[in-house]
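Everything on this sheet refers to the single structure shown next.
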Amino acid sequence: MPKNLTPQDQWETDFQVPLPGEPRNIGPLELLFQRILNRSERLKSRVDNLETAQGGTTLSTHRTASTLDHPDGSVTAQKLAPIRNAPTITPAGGDWLLGGQQSGTGVGKILLGSSGGVPLLTAGSVLASPSLYSDRGTINVATDWNTLANAGGYQIQSAALGGGSNAAPPTTSPGLLVVHRAGARTQQIYYPETEPYIYYRMLAGGSWTAWAATGQQYISNANGAAYRFGDGTQICWLIEGLAGSSPQTWTFPATFIAKPIVSFISHDPGYIHTNDFTLWSTTQARVRKYQIGSGDEYTGSGLTLEAIAIGRWK
């Protein structure tokens, strides 16, 4: 009759088998099977313990464990409820948030709600202050404009113009400085409040370019019309003006910074005209009209001229 073996919960380490050719003896085989059963019983007992105790480890065990492991089923809705139902924390500016680096090495603190900090989120996980990244505040003292390199907008007051190192744009109007950054390049664009021009410069290769201006201003008055361009070019013109006897003086509709080039045009083929350089300045030019043939200077009142002056306003 076969003999039943009863497994025992113990860890066996000594296993022996009969050698071939030895006299038949069931004793060693029986002992071998018994010890295999004993080891299997021990393994089964340990598996039962794990299934019963999973998720039930104490907090101290988790705190001191070298590896934090959560087997299936150890994290339950009941255990998460204290976190899910915790009151909402509403930090104020100046509060600190503890955070770790992405690599997992090192922990630091981040100032909430401040320039350069982390913007607060609403319950819908959107920025509570979306302008936090772009609003860089007000500059109201003479400043090194090279240091205004963080991307965003700066409100520039008059006190910040005309002083400091690495001078601001050639303007006395307060306005808005916008800084763009991409890689190693930084661009500053300045929008004055009371001028029609835009000033810009670029940081590339470690050096700032000079300020350049773009945009134009249109001027119109009784003396004609003019365009002033951001780079300093100015063009003045007059159409069907300067009627009357010779000589005639044209006062420019806008002042030049130096004497401009001036040209007059006549529509009457019986007359010629010439510049009278006895009056030629940053504000005026004079022209004389002569009758072809006789050479007499014009003394009537109906002969009009066109005029144009090109120069610089700054």
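Mind checking which strands (runs of 3 or more DSSP E) fall wholly inside the range 189-229 and carry at least 1 residues that are of a type in the set (Lys, Arg), over 30 Å from Trp250 (Cβ atoms) and under 22 Å from the mean Cα position of the chain (by Cα)? Walk me through how you get there before you give the answer.
Numbers: elements: 198-204, 212-214, 216-221, 224-229.
In the range 189-229, 198-204 are the strands (runs of 3 or more DSSP E) which contain 1 or more residues that are of a type in the set (Lys, Arg), over 30 Å from Trp250 (Cβ atoms) and under 22 Å from the mean Cα position of the chain (by Cα).
Could you check the range 264-281 and list, in sequence order, the residues that are out of contact with any strand residue (DSSP E or B) (no Cβ under 8 Å at 6 or more places or on another chain) and surrounded by 12 or more Cβ atoms within 10 Å (Cβ to Cβ)?
Of everything in the range 264-281, those that are out of contact with any strand residue (DSSP E or B) (no Cβ under 8 Å at 6 or more places or on another chain) and surrounded by 12 or more Cβ atoms within 10 Å (Cβ to Cβ) turn out to be Asp268, Ser281.
Do you know which residues across the range 285-304 are part of a strand (DSSP E or B) and either surrounded by 14 or more Cβ atoms within 10 Å (Cβ to Cβ) or at pLDDT below 85 (or both)? It would help to see each step written out before you state the result.
Here is the first cut: in the range 285-304, the ones part of a strand (DSSP E or B) are 285-291, 297.
Residues satisfying the conditions are Ala285, Arg286, Val287, Arg288, Lys289, Tyr290, Gln291.
So, in the range 189-209, of the ones that are touching a residue at least 24 places away in the same chain (Cβ under 8 Å) and either touching a helix residue (DSSP H, G or I) at 6+ places or on another chain (Cβ under 7 Å) or of a type in the set (Ser, Thr, Tyr) (or both), which residue ends up nearest to Asn140 (Cα to Cα)?
Within the range 189-209, the match that is nearest to Asn140 (Cα to Cα) is Tyr190.
Here are some conditions: (1) hydrophobic (A, V, I, L, M, F, W, C); (2) under 43 Å from the mean Cα position of the chain (by Cα); (3) surrounded by 15 or more Cβ atoms within 10 Å (Cβ to Cβ). Ala307 meets all but one. Which one does it not meet?
(2)
Considering only residues of the range 230-281 that are free of Cβ contacts under 8 Å to residues at least 24 places away in the same chain, of a type outside the set (S, T, N, Q) and not in a strand (DSSP E or B), which is farthest from Arg201 (Cα to Cα)?
Restricting attention to the range 230-281, the residues satisfying the condition of being free of Cβ contacts under 8 Å to residues at least 24 places away in the same chain are 231, 269-270, 272, 274-275, 277-278, 280-281.
Subset that is of a type outside the set (S, T, N, Q): 231, 269-270, 272, 277, 280.
So of that shortlist, the ones also not in a strand (DSSP E or B) come out as 231, 269-270.
Values: Asp231: 13, Pro269: 51, Gly270: 54 Å.
Here the residue is Gly270.
The values are calculated or read from the model by the stated rules, or taken from the named source; none is laboratory data. Quick caveat: nothing in here was measured; it's all calculated off a predicted structure. Neighbour counts are summed over all protein chains in view; Cβ atoms, including those assigned to glycine, are modelled from backbone coordinates with ideal geometry.
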